[in-house]
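Before any comments, here is the structure.
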4 protein chains.
Amino acid sequence: MNTLGRIFRVTIFGESHGECVGINIDGVPAGLPLQVEDFVPDMERRKGGKQKGATPRQEEDLPIFKSGIFNGFSTGAPITFLFENKNTRSEDYQKHRSHPRPGHADFVAHEKFGGFEDFRGGGHFSARLTAGIVAAGVIAKKVLGEKITIHSEVTQIGGNTDIEKGLQAAIERKDSVGAIVECRVNGLPIGLGEPFFDSVESSLAHAAFAIPAVKGVEFGSGFAAANMYGLEHNDAIEDASGKTRTNHAGGIVGGISNGNELVYRIAVKPTSSTPQVQKTWNWDTNIVDEFSVKGRHDLCVALRAPVILEAMTAIVLLDFMLLENKINRVYQHMETRG
Amino acid sequence: MNTLGRIFRVTIFGESHGECVGINIDGVPAGLPLQVEDFVPDMERRKGGKQKGATPRQEEDLPIFKSGIFNGFSTGAPITFLFENKNTRSEDYQKHRSHPRPGHADFVAHEKFGGFEDFRGGGHFSARLTAGIVAAGVIAKKVLGEKITIHSEVTQIGGNTDIEKGLQAAIERKDSVGAIVECRVNGLPIGLGEPFFDSVESSLAHAAFAIPAVKGVEFGSGFAAANMYGLEHNDAIEDASGKTRTNHAGGIVGGISNGNELVYRIAVKPTSSTPQVQKTWNWDTNIVDEFSVKGRHDLCVALRAPVILEAMTAIVLLDFMLLENKINRVYQHMETRG
Amino acid sequence: MNTLGRIFRVTIFGESHGECVGINIDGVPAGLPLQVEDFVPDMERRKGGKQKGATPRQEEDLPIFKSGIFNGFSTGAPITFLFENKNTRSEDYQKHRSHPRPGHADFVAHEKFGGFEDFRGGGHFSARLTAGIVAAGVIAKKVLGEKITIHSEVTQIGGNTDIEKGLQAAIERKDSVGAIVECRVNGLPIGLGEPFFDSVESSLAHAAFAIPAVKGVEFGSGFAAANMYGLEHNDAIEDASGKTRTNHAGGIVGGISNGNELVYRIAVKPTSSTPQVQKTWNWDTNIVDEFSVKGRHDLCVALRAPVILEAMTAIVLLDFMLLENKINRVYQHMETRG
Amino acid sequence: MNTLGRIFRVTIFGESHGECVGINIDGVPAGLPLQVEDFVPDMERRKGGKQKGATPRQEEDLPIFKSGIFNGFSTGAPITFLFENKNTRSEDYQKHRSHPRPGHADFVAHEKFGGFEDFRGGGHFSARLTAGIVAAGVIAKKVLGEKITIHSEVTQIGGNTDIEKGLQAAIERKDSVGAIVECRVNGLPIGLGEPFFDSVESSLAHAAFAIPAVKGVEFGSGFAAANMYGLEHNDAIEDASGKTRTNHAGGIVGGISNGNELVYRIAVKPTSSTPQVQKTWNWDTNIVDEFSVKGRHDLCVALRAPVILEAMTAIVLLDFMLLENKINRVYQHMETRG
């Protein structure tokens, strides 16, 4: 239930205000050099507190290696990373335990887990769980190698392609705001994926919708395709390598990568924890009343999403690459006696 | 690779112009009454040849029962259905084997399967494979029972909410056209799904992107959420049952069903086989040249999609219901001696 | 529930006295030449009616190709085979429906499936389902190639290593009898399998215990190891290739193939359907009474087991070989234009 | 690759002489009371240093809770336990790195992981990984409840049913020795398991062969069945509940639990690390030479096995119970406001 992947498999665990969050990563080829420093750039990109509209909560957020790494290299055994929760202020959350927060999982978690869920800071539902995913993404990117590049960025905030302005509008409104995040992958071989259930789209969308706050996923032309005619949508093949001039397909046809740029986008809803006063049911008084969230939150959670989307993409694509024998199960060989 | 589901599991097989297409369905509770007649309404909805813009190819398209049904009831063993391919005109396809058709899987299939793929009519990539999925959907709907209703329909064609007009525009243009299909589910219990990887969104999107020609999937507010502010997006909870007046969440919060209507939409691209003359690479002459498709094709493949989307939805939701013990593994009991 | 494997995946279906039994095989590399004739030798080995002590029931038992094969080669899409049930005498079974037969699944099937199970000839529990497994084994052996040899044979019947005598003793007693079947694999590379849950032993034993009537599985020294001391059991490594003179390990250490011969054995119980009069509960009269089985049955079901055990072994080992990138996902390439 | 189970899923990680070993357990119903004290009895049984023939290495070996537990109850989110490695003497192992130890995974690990494996104390292959499995077993037993009892014990050492004498013989020989361990389960409902691949035998054997040093698994009559005739082997059904007087089936027929006692046995080889001088290939000198193991080891590793086998059994059976809806996904409900 908390696992993704077939050969490259990640399992996430932990709670926002528990001891830690973490990840277990199975299927990492042996011989991959891994240092804590490798994780700094992407973990920094995921962190809040660095940009306008991002939460002031700060964690060092570097993975603590617990298994699967020996003398600076992956061993082929499962890798486990922990991220300690040092900087929690659970009292913020206990205060409004009586109010299931709109847009959050408070209500459904309570129903599903019979009241035993760790509700502090969203518990196991928290976006803090994505720390492990970003770390797994760092590994996946390293294994994929330099020929395959994955780049993701926010392309719109609140409908505004000038991101700065879109964010400013939200700040002025004292409200959270939604956004679009796009991901582009270059250098993929032709032939990843399968028709139907294991299509590249099915697999990437599965992973993308696992990112909290995602409401939509589209590939290539996406929803615009619904307004198009066949002649304008079809990408004419221009040479023996399968290159197309247009890319409405977004690099995937029949569920399979076609060698062109893979392009897809996610829609991210406004952060549910808005600074505005909201209404919701009060479990203690049994009436609808007002409350406001005092915790530290991002105005635009999408600002952290690009590196998470890159990580999900790398995890899914590496799994396909391993399935298709495009990557060796041993990343490099020692000069060994064996 | 051709299997979906954990407890209720479907495996599809077959080729468009081979002997048959079919499906194997494991995890069907024993004691479900099943007659061929049960499949007629949904199979009719999936068929072409009945409405403007749909392909004139006609197959009887009723499932031939091969296993798992005895004396009119499911036995608990896996059910296998075949659909014979009687009405094939493969010569239509062999003619333009030299041209990998834009928007189709010809090129990627050829690369991935080394030239051994059955290319006739798209082979294993054909939308004809969805016949089995619709049949599995009939079973899933029956097991879900009457309290859970799943309804899907085309809401836009070529950007036009008057469907008739949208289709007429394409007919006049002699071109294929894209569309939006929406699915609504009522009567779901609270608590289906998991945070992250096994979220209801991840699972439904996985299945929806397995439908040929789907370019986007969105839940509730979907891509519009990217343009919204938190206060307007959040659905205030109004009573102890979790009812919300607005439903931007689309019935899912934190990956889990919240008891409100589940709403999601898919974007379907224009049928790749347009009547228009197109350009593509010619494998025989090694130049880009023109060709046109002479086969029988839908102008708007989305017209067949609602019943397929319903089926995928029923398959995924039944799997969640079985996982959550909301449905018995034996549908009904005989008055038995045992 | 009726599926085995990760990359090379088989799904079985059908009933002994229904229309057919069959198998769906996913993950077959494209480009494998396949003719019905390829299946004759192993299907013949599995058949009854040819040797002393085997059931006189005869079926043609050649697979009917339904999907995944085109122009004599695998296409990369899932292969489906059916085996028709022509030669059934269901009335034999209906007669003693009142008696849940000892050693058979009648009683548990009735409890588990609420009385809806197809009880004729064991229904979905019948060893006839192994026809599909043997056919999948033929494919797996072909993909594994000639360097890897899998050989299985009966080594004891009723405790007698002279097989003929062991069988004769049973015939004279007019009773069924148990046996030992051994399987030896040569030519495996070092490195298949994982420590713990995906060990080669776990995976092979999982498959072997899926063969009806198997009561025990042992590798190398097996149960004799319980009587041994460390110095005598350990296999000293004799050269840089890992060769050992003794082979108590049976070719697997730490869950992983070590390059020596893989050796394992199964214990097969006596056929439950003995010609002798037996006692069991009578569901109709609610007393224990006597009954005798009039169907056609093997005295020693183990006589059919070698080819089934070979097939299970080939299926499991091919899955490991594909996982370890030891075999290409495309078996051969056409001289193609692509 | 390091994961077992479908609904109740365990994932193990860690190395013998790394920082820790641990386990991630998904699918634990919410509301199960869990204290460190719950784990003491079974963890004590698994520990070495307490009995003749067991290794003097001692670890506190109580699980450190890292996720999934809140206020003394399971939350429904995945539980992670760590066991720190405090008492390691890696220098013992580095000394004979030149000698791949017979019976150990040194050689195969080196080949499979290209020399990057953590070789200290067997690394990820170590039986120390079973600490997590025993902890998961404690949880599984609690969820199964008191009506289902699982009991395992050593029944023979070195062929001697007087266990004390069997062990004494090995001590006198200064050699390690093999043993038989038996497991008995009472209170199971009828109907767990499936015919063929998901049979109870397949699933339990899969788990049992994941225990290091296991060479054989047998159910009920086991290998003795190979020497028996049908009339003596068949268990006559004696009443409407399916009770049988004899139990050659070991509680499983047709892959499915039949309500009688489940009985199975494993054969455990002698500990590979014997105090005797052994021969093996020397990777440094490229000759076969002698070496002796100086580490701390059990003479009879089977002495620790009963609690591990119980744990594996509980894990597998709980998974079946959850699949069959015999256990609620929420163990108990709080008096909640929701």
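Residues in segment A:119-134: is at least one part of a helix (DSSP H, G or I), at pLDDT 95 or above and at positive phi? Checked segment A:119-134: at least one residue is part of a helix (DSSP H, G or I), at pLDDT 95 or above and at positive phi. Taking segment D:2-52 as the range and being of a type in the set (V, I, T) and in a strand (DSSP E or B) as the test, the residues that pass are D:T3, D:V10, D:T11, D:I12, D:V21, D:I23, D:I25.
Which residue is most open to solvent (accessible area, probe 1.4 Å), if the candidates are limited to segment D:94-126 and must be closer than 19 Å to D:R46 by Cα and facing chain C (nearest Cβ under 10 Å)? Applying the filter and picking the extreme gives D:F125.
Residue by residue, here is whether (1) farther than 30 Å from A:L318 by Cβ; (2) surrounded by fewer than 22 Cβ atoms within 10 Å (Cβ to Cβ) holds:
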position	(1), (2)
A:A208	no, no
A:G216	no, no
A:G222	no, no
A:G242	no, yes
A:V253	no, no
A:S257	no, no
A:R265	no, no
A:V268	no, no
A:S272	yes, no
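Among the residues of segment A:158-181, those identified as touching a Lys or Arg at 6+ places or on another chain (Cβ under 8 Å) and open to solvent by less than 50 Å² (accessible area, probe 1.4 Å) are A:L167, A:G178, A:I180, A:V181. Among the residues of segment C:313-338, which ones are part of a helix (DSSP H, G or I) and within 29 Å of B:D118 (Cβ to Cβ)? C:A314, C:I315, C:V316, C:L317, C:L318, C:D319, C:F320, C:M321, C:L322, C:L323, listed by residue number. Taking segment D:95-115, which residues are charged (D, E, K, R) and assigned to a loop (DSSP other than H, G, I, E, B)? Hits for segment D:95-115 are D:R97, D:R101. Listed by first and then second residue, the pairs with beta-carbon distance under 7 Å, at least 6 apart or on different chains, first residue in segment A:178-191 and on the phi > 0 side of the Ramachandran plot, second basic (K, R) and surrounded by fewer than 24 Cβ atoms within 10 Å (Cβ to Cβ), are A:G187/A:K147. In segment A:311-326 there is at least one residue that is touching a Pro at 6+ places or on another chain (Cβ under 7 Å), touching a residue at least 60 places away in the same chain (Cβ under 8 Å) and closer than 30 Å to B:E111 by Cα. Taking the residues in segment B:101-149 that are closer than 23 Å to B:K326 by Cα and of a type in the set (D, E, K, R) as candidates, determine which candidate is nearest to the chain's Cα centre (by Cα). Result: B:K141. Taking the criterion of being facing another protein chain (nearest Cβ under 7 Å) and either touching a residue at least 40 places away in the same chain (Cβ under 8 Å) or surrounded by 20 or more Cβ atoms within 10 Å (Cβ to Cβ) (or both), the residues of segment C:280-289 that qualify are C:T280, C:W281, C:W283, C:D284.
Yes/no matrix, rows are residues, columns are (1) under 30 Å from B:I256 (Cβ atoms); (2) out of contact with any Phe, Trp or Tyr (no Cβ under 6 Å at 6 or more places or on another chain); (3) of a type outside the set (V, I, T):
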residue: A:A207; (1), (2), (3): yes, yes, yes
residue: A:I211; (1), (2), (3): yes, yes, no
residue: A:G216; (1), (2), (3): yes, no, yes
residue: A:A224; (1), (2), (3): no, yes, yes
residue: A:M228; (1), (2), (3): no, yes, yes
residue: A:D235; (1), (2), (3): no, yes, yes
residue: A:A240; (1), (2), (3): no, yes, yes
residue: A:N247; (1), (2), (3): no, yes, yes
residue: A:V253; (1), (2), (3): no, yes, no
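Filtering segment A:27-52 to residues that are open to solvent by less than 10 Å² (accessible area, probe 1.4 Å) and in contact with a strand residue (DSSP E or B) (Cβ under 8 Å, 6 or more places away or on another chain) leaves A:G27, A:V28, A:P29, A:A30, A:G31, A:L32, A:L34. When restricted to residues that are modelled with pLDDT of 95 or more and more than 24 Å from the chain's Cα centre (by Cα), segment B:78-99 contains 0. Taking the numbered list (1) at pLDDT 95 or above; (2) open to solvent by 10 Å² or more (accessible area, probe 1.4 Å); (3) within 22 Å of D:D61 (Cβ to Cβ) in turn, D:A140 passes all entries but (2).
Answer with yes or no whether D:L309 is facing chain C (nearest Cβ under 10 Å) and either in contact with an Asp or Glu (Cβ under 7 Å, 6 or more places away or on another chain) or open to solvent by less than 10 Å² (accessible area, probe 1.4 Å) (or both). Walk me through it before giving the result.
Working: facing chain C (nearest Cβ under 10 Å): no; either in contact with an Asp or Glu (Cβ under 7 Å, 6 or more places away or on another chain) or open to solvent by less than 10 Å² (accessible area, probe 1.4 Å) (or both): yes.
Judged against the criteria, D:L309 is not a match.
The values are calculated or read from the model by the stated rules, or taken from the named source; none is laboratory data. Predicted, not measured: the structure shown is a model, and the values here were computed from it. Glycine also receives a Cβ, built like all others from the backbone with ideal geometry; neighbour counts cover every protein chain displayed. Accessible surface areas use protein heavy atoms only, side chains included; no ligands, DNA or RNA. Shrake-Rupley method; radii C 1.70, N 1.55, O 1.52, S 1.80 Å.
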